[in-house]
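For reference, the structure discussed in these notes is given below.
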Amino acid sequence: MIEGPEQRTGHSDALLLHVIDGESVIDGKLGAWAIFIRFLRAPFVSAYRHRDLIRVILKRELDERFKGSQAGWVWALTAPLLALMTYTFAFGGSAVLPNKTAAKSAYDYSLFVFGGLIAFNFFAEMAYRAPSLLQEYAHFIKQTLFPAEMLAVISTLRASAYAGIGLVLMLAAQLAFTGSLSWTVVLLPLWVISFMAFLIGLTWFLSALGAFTRDVSYLMMTIAPLLLFATPVFFSQEVLPPPMDVLIYANVLTGFVEIVRDLVFFGRLPGLAVTAWTFFISLAMFWFGYWFFNQNRANIADVL
Amino acid sequence: MSSDAPVVIHARHLAKAYPLYKDQGAWVKQALFGRFKTYSRPFWALRDIDLEVRRGDSIGILGRNGCGKSTLLQIVCGMTRPTKGEIWVRGRVAPVLALGATFDQDSTGRQNVLIAGAVMGLKRAEIIAKFDSIAEFAGIGAFMDQQLKHYSTGMRTRLAFAICAHVEADVLIVDEALSVGDAAFQRKCLDWIDSFKKQGTLLFVSHSLDQVRRLCNHTVWIDNGRIREQGEPHRVIQSYVQATRDERDDVGRFSAADH
């Protein structure tokens, strides 16, 4: 039967919006400290409130990736597996690691590169997609009450599914080639979380910029491939002469690449300074991105 | 208008301007040097709108294309912010602005119900519980499990309205949405809106004056971004029809120069 409105339980008296002269005043007057706390909590509050929406859009995004293909998710596994095999054949001969420590086996360099590429590809997927992310969902943002800030979270979650496949494969290869795994791999979830925070922040920033101009898209397409070589993926930060060995940390991806390698490949704890710098970068990027997105939110629906 | 019911939408001196730039790159100059010089002209889509809507009201909104109707509705939904003036809205708003705007062509009707329901703010469990009722309202039978690209326009509208009818909104916003369905489905929707009106508030935009006459107890006529006349439907519709007959459909309406 048709469920009529007479079965409704009651009216909500919550204030949905209150705007005066273009400024939202729904929160009333708050002190500076309360505003700051509210701002820090805001992305998490929003994510919790929209959890069902995140779930359904994420599922749609994951389905979409291999839509129309028969093998489907097999491709998600095939790509990194082929990459790993190719590196093993290509680099297997050069059994000396770039940081001049003797390689234990012919597979070492390929595992070394593979670890760096997982981190870099995680970043690259978001860097390529973020500038046009809001355009992809323009019809949602313009015509429904869609929480646009959650798109950065959803797209990063999707990218982390592929990064997760890569990580599992890397752990399996490490175990197969060396026969053991260091205890330090239990710290990987921390790495994933802080990398995700960084990428979500980056996506907020790039997607808000990208809503205003397509140039951001072209800029990222131009610089992301170059960043691959400005990031110690095929080499190690340690081989660089001073002062480059420190300056390379200005490329914020360096820390993420070094840490995942330390945890899995070298089986050691990353340096304190590198860890602190990397965590700082990811938290700073997260809230800066959110701030930037929020500043421009009112204009985004109008310019899309 | 019922005078003792609580106010759900309150707007005072509401105005919305969109910047019109001379060329495509001008907004960059505006962003960089905006504090020294203005590179755009404002296009006032809405000017000085005063509106008070009480629970249980059904407001018909009349006006020609580009007069600012949709902008007003978008402001009420919170999709876009007014430039000047004050507005507040109480309760849950369900916009049926562009029916099926969120529909994904490659997903089935069933999956789209889940997505659209979530976008409308329903909990997943609520959507699943209402699913059969939505399917029955839409009345598209086995097409529920077909991809959206195999739907006709009418079927899409049916599905979209069926979802909106299950959102349990306090304020329902219908924007020229019913014109696509066939007569039987339109009647079904109008009947449903009739029963919705017993408790909920309706903002109804339509070029079908008969529907406005049937559904609304108050009518607002927006012309060129301003409220030209409001009040009892028969009277407002009469002057609207009269004016449409008198005024030519000239091109100058859309130019920003005279604002």
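Looking at B:GLY85, B:GLY25, just one residue is of a type in the set (Gly, Ala, Ser) and crowded, with 20+ Cβ neighbours inside 10 Å, and that residue is B:GLY85. Taking (1) over 29 Å from A:GLU61 (Cα atoms); (2) without any contact (Cβ under 8 Å) to a residue 40 or more places away in the chain; (3) within 12 Å of chain A (Cβ to nearest Cβ) in turn, B:GLN74 satisfies each apart from (1). Scanning the range B:134-157 for residues that are within 14 Å of chain A (Cβ to nearest Cβ) and either out of contact with any Gly (no Cβ under 6 Å at 6 or more places or on another chain) or over 12 Å from B:GLY181 (Cα atoms) (or both) gives B:ILE134, B:ALA135, B:GLU136, B:PHE137, B:ALA138, B:GLY139, B:GLN147, B:LEU148, B:LYS149.
Looking across A:TRP191, A:TRP204, A:TRP183, one residue alone is in the same structural domain as A:GLU149 (by TED's automatic domain parsing) and either among the β-branched types (Val, Ile, Thr) or surrounded by fewer than 18 Cβ atoms within 10 Å (Cβ to Cβ) (or both). It is A:TRP183.
If you go through the range B:165-188 and keep only what is within 16 Å of the chain's Cα centre (by Cα) and away from chain A (no Cβ under 11 Å), you end up with B:VAL174, B:GLU176, B:ALA177, B:LEU178, B:SER179, B:VAL180.
On the basis of being away from every other protein chain (no Cβ under 14 Å) and assigned to a helix (DSSP H, G or I), does A:LEU111 make the cut? Here the answer is yes, as A:LEU111 does meet what is asked. Among the residues of the range B:16-45, those that are farther than 22 Å from A:GLY210 by Cα and out of contact with any Leu (no Cβ under 6 Å at 6 or more places or on another chain) comprise B:ALA17, B:ARG35, B:PHE36, B:LYS37, B:THR38, B:PRO42, B:TRP44, B:ALA45. Taking (1) at pLDDT below 85; (2) within 31 Å of the chain's Cα centre (by Cα); (3) within 14 Å of chain B (Cβ to nearest Cβ) in turn, A:HIS11 satisfies each apart from (2). Residues considered: B:ILE193, B:ILE227. Of these, the only one that is closer than 25 Å to B:CYS67 by Cβ and either of a type in the set (Phe, Trp, Tyr) or within 11 Å of chain A (Cβ to nearest Cβ) (or both) is B:ILE193. Among the residues of the range B:28-46, the one identified as buried (at least 18 other Cβ atoms within 10 Å of the Cβ) and at pLDDT below 80 is B:TYR39.
Can you name the residue in the range A:201-218 that is assigned to a helix (DSSP H, G or I) and free of Cβ contacts under 8 Å to residues at least 12 places away in the same chain and, of all such residues, is nearest to the other protein chains (Cβ to nearest Cβ)? Checked the range A:201-218; the qualifying residue nearest to the other protein chains (Cβ to nearest Cβ) is A:ASP215.
For a quick check of your reading of the model, give me the residue pairs whose first member lies in the range A:222-235 and is free of Cβ contacts under 8 Å to residues at least 24 places away in the same chain, whose second is among the hydrophobic types (A, V, I, L, M, F, W, C) and surrounded by 16 or more Cβ atoms within 10 Å (Cβ to Cβ), with beta-carbon atoms closer than 8 Å and at least 6 apart or on different chains. Here the result reads A:ALA230/A:ILE248, each pair linking the range A:222-235 to a residue that is among the hydrophobic types (A, V, I, L, M, F, W, C) and surrounded by 16 or more Cβ atoms within 10 Å (Cβ to Cβ). Considering the range A:234-304, the qualifying helices (runs of 4 or more DSSP H), each wholly inside and each with 2 or more residues that are buried (at least 17 other Cβ atoms within 10 Å of the Cβ) and within 14 Å of another protein chain (Cβ to nearest Cβ), run over A:272-303. Residue-level check: of (1) farther than 30 Å from B:ALA243 by Cα; (2) within 14 Å of another protein chain (Cβ to nearest Cβ); (3) at pLDDT below 80, B:GLY91 misses just (3). When each of B:VAL220, B:VAL236, B:VAL212, B:VAL174 is tested for being surrounded by 21 or more Cβ atoms within 10 Å (Cβ to Cβ), modelled with pLDDT under 85 and not in a loop (DSSP other than H, G, I, E, B), the lone residue that passes is B:VAL174. When B:ILE49, B:ILE127 are checked against the criterion of being modelled with pLDDT of 85 or more and within 12 Å of another protein chain (Cβ to nearest Cβ), B:ILE127 stands alone in meeting it. For the range B:177-197, residues that are without any contact (Cβ under 8 Å) to a residue 24 or more places away in the chain and either assigned to a loop (DSSP other than H, G, I, E, B) or small (Gly, Ala, Ser) (or both) total 3.
The values are calculated or read from the model by the stated rules, or taken from the named source; none is laboratory data. Here the structure is a predicted model, which is why all the values come from computation and not from measurement. Cβ sites come from the backbone with ideal geometry, for glycine too, and all protein chains shown count toward neighbours.
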